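Here the structure is laid out as structure tokens; the discussion comes afterwards.
The values are calculated or read from the model by the stated rules, or taken from the named source; none is laboratory data. On a predicted model such as this, the values are computed, not experimentally measured, just so you know. Here the Cβ positions follow ideal geometry from the backbone for every residue, glycine too, while neighbour counts run over all protein chains shown.
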Amino acid sequence: MIRSALTCLCLVIAALTAQAQTIAITGGKVVTNTDNGIIEDATVIITNGKITSVGTGTAPDGATIVDATGQWVTPGLFAPFSTVGLVEIGAEDATNDTRAGGSALQISLQAADEFNPDATAVDVTRIEGITRVALALTASSGMLGGYGAIADTSGDFNSVSKDKAFLYAALGERGASLSGGSRAAAWAWLEAAFDDARHPLRYANHGEGDVLSRREAARLAPVLNGEIPLMISVHRASDLLKVIELKQEEPDLDIILIGAEEGWRVADELAASGIPVIINPMENLPASFEMLGATMENAARLGEAGVTIAFADPGEASHNSRLIAQLAGIAVANGLDWDTAFAAISSTPAMIYGRKDLGTLSNGATADVVIWDGDPLELMSSPVAVYIDGQPQDMTSRQTRLRDRYLNVSDMPDDERVAYK
């Protein structure tokens, strides 16, 4: 009994000691993502998973020192649209949980119920400096695709921090195809869905609304109240203006736009609306009739107009969310300033999803930190260390282990080398 008590006491003391550990990252070029800008030869102090100091001071006594001399230190990156952990093999339906076309329930679906922290893409994403992801479902049977979630990339089973972060909706060509065949049908369906969610009493007499079941309508109600953002996928300039008009008619809606390839054509209107936009800075080809105005200067033009922008590639969201730093670099190469581009993959997504504790290196911020061997927006730069909630992360993946295994075939055992050849 006494031995058990002493063992428990030791475990508690060890846990408290580990929790109170202080880490000092010294000598780095620190990107604060605040008004303090970039600080040369700075020290970042992490205690209990939080940033407690950023500046040119010395490390406190007893701190674990991490020497970042000659390296860059930044907040962890935040992928604002991703299906990491929802897809293992895109072409294999059994491992693809991003859509459920055969289900009568769509709004009720939650990405948090499907996220697999053991998916191989999670490790691959983390070691590229992405510490947080917004997990999204796609519309497959109706315009509304279900609730997205926010998760970290630690690979832990408690990775999901918010299970209802936004509701996904498809408008434009995709929305038209899912609601009857035209944009007019899509807007009429959306209006009817809003009406169903606002008048639940009708279900007492008829059992269902015009387009939504009682359960689906109840799930939509928090979006109409502005409690949960509505992410709308839309591309054409005229459709963007319709969304701005919707915001004016429904001021409680918290709208996030994704796509917006022709956003530059209505940049002033978007800026005035205050609606944030998630774009892919690499889009420069007319992949569809609603993207004829796509240009790689979209990010720069939107940024110059004052639009709040974040970066993602929805078409490659399962295994290539890891490349968002490259997207930001491409935006810089096409006219966007560096600070706005880096914010578009860190502090701006955090702000969009209401996580003001993420995306900056400042006192009190959650200690998602990445140390890079160079400018993070340069193609050849790579992370050398990643911290999530102040905890150092494993920097290996299935791919790095395969690389290391076969890097030098001559060092392999004879039986393995023969099999490999």
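Observations
One line per residue, one yes/no per condition, for (1) buried (at least 24 other Cβ atoms within 10 Å of the Cβ); (2) over 17 Å from S318 (Cα atoms); (3) touching a strand residue (DSSP E or B) at 6+ places or on another chain (Cβ under 9 Å):
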residue	(1), (2), (3)
V84	yes, no, yes
S108	no, yes, yes
D118	no, no, no
V124	no, no, yes
T138	no, no, yes
D152	yes, no, yes
A165	yes, yes, yes
L171	yes, yes, yes
G175	yes, yes, yes
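- Checking each residue in segment 340-372 for being surrounded by fewer than 23 Cβ atoms within 10 Å (Cβ to Cβ) and in a strand (DSSP E or B) picks out only I371.
- Flag for A197 being modelled with pLDDT under 95, buried (at least 17 other Cβ atoms within 10 Å of the Cβ) and touching a strand residue (DSSP E or B) at 6+ places or on another chain (Cβ under 8 Å): no
- Tally, over segment 296-320, of residues that are under 30 Å from N96 (Cα atoms) and either in contact with a strand residue (DSSP E or B) (Cβ under 9 Å, 6 or more places away or on another chain) or modelled with pLDDT of 95 or more (or both): 9
- Check on S288, of a type in the set (S, T, Y) and either touching a Pro at 6+ places or on another chain (Cβ under 7 Å) or surrounded by fewer than 23 Cβ atoms within 10 Å (Cβ to Cβ) (or both): yes
- Some residue of segment 321-343 being out of contact with any strand residue (DSSP E or B) (no Cβ under 8 Å at 6 or more places or on another chain), touching a residue at least 12 places away in the same chain (Cβ under 8 Å), of a type outside the set (D, E) and under 22 Å from D254 (Cα atoms): yes
- Residue selected from segment 385-407 under the condition in contact (Cβ under 8 Å) with a residue 24 or more places away in the chain and part of a loop (DSSP other than H, G, I, E, B), by the criterion nearest to I65 (Cα to Cα): G390
- If the condition is being modelled with pLDDT under 75 and hydrophobic (A, V, I, L, M, F, W, C), then segment 200-214 contributes L201, A204.
- Every pair of residues 6+ apart whose Cβ atoms lie under 6 Å, when the first sits in segment 175-189 and is in the same structural domain as I232 (by TED's automatic domain parsing) while the second is surrounded by fewer than 18 Cβ atoms within 10 Å (Cβ to Cβ): A176/S182; S179/A185
- G146 vs. criteria in contact with a Gly (Cβ under 9 Å, 6 or more places away or on another chain) and more than 23 Å from I345 (Cα to Cα): no
- Of all residues making up segment 77-97, the number that are in a loop (DSSP other than H, G, I, E, B), touching a residue at least 24 places away in the same chain (Cβ under 8 Å) and over 18 Å from Y168 (Cα atoms): 2
- Residue list for segment 126-136, filter: crowded, with 24+ Cβ neighbours inside 10 Å and either among the aliphatic types (A, V, I, L, M) or outside any strand (DSSP E or B) (or both): R126, G129, I130, V133, A134, L135, A136
- Check on N284, under 24 Å from Y353 (Cβ atoms), of a type in the set (S, T, N, Q) and in contact (Cβ under 8 Å) with a residue 12 or more places away in the chain: no
- Top-ranked residue in segment 140-188 [being among the hydroxyl-bearing types (S, T, Y) and outside any loop (DSSP other than H, G, I, E, B); ranked as farthest from G359 (Cα to Cα)]: S177
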